[in-house]
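The values are calculated or read from the model by the stated rules, or taken from the named source; none is laboratory data. This one's a predicted model, so the numbers in the text were calculated from it and none came from an experiment. With ideal geometry, Cβ positions are generated from the backbone for all residues, glycine too; neighbour counts draw on all protein chains shown.
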Amino acid sequence: MTLDPKRASPGQERLLTQWIAEVLDILERRWHNEESPPDVAHPEPLDGLILTVLSQHTNDRNRDVAFARLKGRCPTWDAAAAAGYDAVKDAVRPAGLAPTKAGRILEILRIVRADFGRYSILSLVGRGRDEARKYLLSLPGVGEKTAACVLLFDMGLPAFPVDTHIARVCQRLGFVPEKTPGEKICALLEREVPPSRYLGGHVNIIEHGRAICKARAPLCPNCAAEGLCRYRKNHCLAESRVC
Ligand code: SF4
C-alpha cells in the first residue's frame, strides 16, 4: 500500500504509523537491514557517555582521537578525576571546545561518584529507559540526543537518537512540521516505531540524509522514498521542477 503523505496528519495516528513504517522499509531495502538490538558498545556506559560528550560539535574521527588520548593518559575515571582540569583539557583538545568539554567531563565524574559511590552508571540500566534518561539529562552538557545515544548504544535500552540529518529528513518527509525540535521528533519516533527498529531506523535515516536527502539540495529523483515525501510533492512535482 502506498500512503499519500498529504492525507496523514498528526491526528491520523494509524496512517502516520504506517507511513513511517513504509519509509523505514524502503530505507532498509536501500541501506542496511538490521532489526536486532544493538550490541552494547561499552561494558561501562560511563565510557559511552564521555565519548558522546566529546562527539558534540565535531566529527567521529576527532572524537575518537580525543577519547583515545584521554584513556591513554588516564586509563581509569579515577585517574582522570585526579589528573584535574588542565590535564583533561589538554587530552581532549583534538575534539575541540576543550575547556568546555573538560569542565563538563570532570563535573559529570564528580556527580556520578557522589551519586553511585564509584565512577560507574551501569546500575542505571536496571532502572529502565525513562529513569535512566531522566538521570542522564540531569548531567551537565547532556541533552536529548546525547542521552538517547547513550541509552541506545551503551545501555541497550530503547531510544531513538535524533541528529541533524534525522530531523531534516523527518521534516521533509512530512512526519513533523518544519523546525520541529529534535526532542519532539525523538518522542514521535519512539511512539510510532517499534523498539526493534530504533537502531536500524536511526542508522538508515542518517545514511539517507548524508547521501540523498542532503541539507543543501536533496537528490529527490534518486530517492527511493520520493513517493511518500511531502517535500517532493509540494516543492518539486507541484511546481513541475526537477529537484
Ligand atoms: S524525496 Fe527528496 S526531500 Fe523527500 S526524502 Fe527523498 S531526498 Fe529527501
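Would a scan of the stretch 142-156 turn up a residue that is surrounded by fewer than 18 Cβ atoms within 10 Å (Cβ to Cβ), in a helix (DSSP H, G or I) and modelled with pLDDT under 95?
The answer is no, given that none of the residues of the stretch 142-156 is surrounded by fewer than 18 Cβ atoms within 10 Å (Cβ to Cβ), in a helix (DSSP H, G or I) and modelled with pLDDT under 95.
Which one of 224, 211 is within 9 Å of the ligand (Cβ to nearest atom) and not assigned by TED's automatic domain parsing to the domain that holds residue 56?
When all the criteria are applied, what remains is 224.
Just one of (1) under 16 Å from residue 52 (Cα atoms); (2) part of a helix (DSSP H, G or I) trips up residue 125, so point out which.
Every listed condition holds for residue 125 apart from (1).
Go through the residues of the stretch 139-147 one by one and say whether even a single one is away from the ligand (no atom under 11 Å from the Cβ) and more than 21 Å from residue 57 (Cβ to Cβ).
Of the stretch 139-147, the ones away from the ligand (no atom under 11 Å from the Cβ) are 139-147.
When the remaining residues are screened for being more than 21 Å from residue 57 (Cβ to Cβ), the result is none.
Looking through the stretch 139-147, none of the residues is away from the ligand (no atom under 11 Å from the Cβ) and more than 21 Å from residue 57 (Cβ to Cβ).
So which residues in the stretch 59-75 are crowded, with 17+ Cβ neighbours inside 10 Å and under 16 Å from the mean Cα position of the chain (by Cα)?
63 - this is the single residue of the stretch 59-75 that is crowded, with 17+ Cβ neighbours inside 10 Å and under 16 Å from the mean Cα position of the chain (by Cα).
Could you identify the single residue in 197, 168, 191 that is closer than 24 Å to residue 134 by Cα, crowded, with 16+ Cβ neighbours inside 10 Å, of a type in the set (Lys, Arg) and within 18 Å of the chain's Cα centre (by Cα)?
Of the residues listed, the single one that is closer than 24 Å to residue 134 by Cα, crowded, with 16+ Cβ neighbours inside 10 Å, of a type in the set (Lys, Arg) and within 18 Å of the chain's Cα centre (by Cα) is 197.
Only one residue in 13, 44, 34 is over 18 Å from the mean Cα position of the chain (by Cα), among the charged types (D, E, K, R) and either closer than 23 Å to residue 156 by Cβ or modelled with pLDDT of 95 or more (or both). Which one?
44
Identify the single condition in (1) touching a residue at least 40 places away in the same chain (Cβ under 8 Å); (2) farther than 21 Å from residue 48 by Cα that residue 214 does not satisfy, given that it satisfies every other one.
(1)
Sort through 232, 168 and tell me the only one that's within 9 Å of the ligand (Cβ to nearest atom), in contact with an Asp or Glu (Cβ under 7 Å, 6 or more places away or on another chain), among the basic types (Lys, Arg) and not assigned by TED's automatic domain parsing to the domain that holds residue 112.
Testing whether each residue is within 9 Å of the ligand (Cβ to nearest atom), in contact with an Asp or Glu (Cβ under 7 Å, 6 or more places away or on another chain), among the basic types (Lys, Arg) and not assigned by TED's automatic domain parsing to the domain that holds residue 112 leaves just 232.
Against the conditions (1) assigned by TED's automatic domain parsing to the domain that holds residue 26; (2) assigned to a helix (DSSP H, G or I); (3) touching a residue at least 24 places away in the same chain (Cβ under 8 Å), where does residue 184 fall short? Just the number, please.
Of the numbered conditions (1) assigned by TED's automatic domain parsing to the domain that holds residue 26; (2) assigned to a helix (DSSP H, G or I); (3) touching a residue at least 24 places away in the same chain (Cβ under 8 Å), the odd one out for residue 184 is (3).
Starting from the stretch 70-98, keep only residues that are under 17 Å from residue 52 (Cα atoms), then list their pairs with residues that are among the β-branched types (Val, Ile, Thr) and surrounded by 14 or more Cβ atoms within 10 Å (Cβ to Cβ) whose Cβ atoms are within a distance under 7 Å, requiring at least 6 positions of separation or different chains.
Listed by first residue and then by second, the contacts come to 70/88; 70/92; 80/88; 88/105; 94/65; 95/58; 96/58; 98/92.
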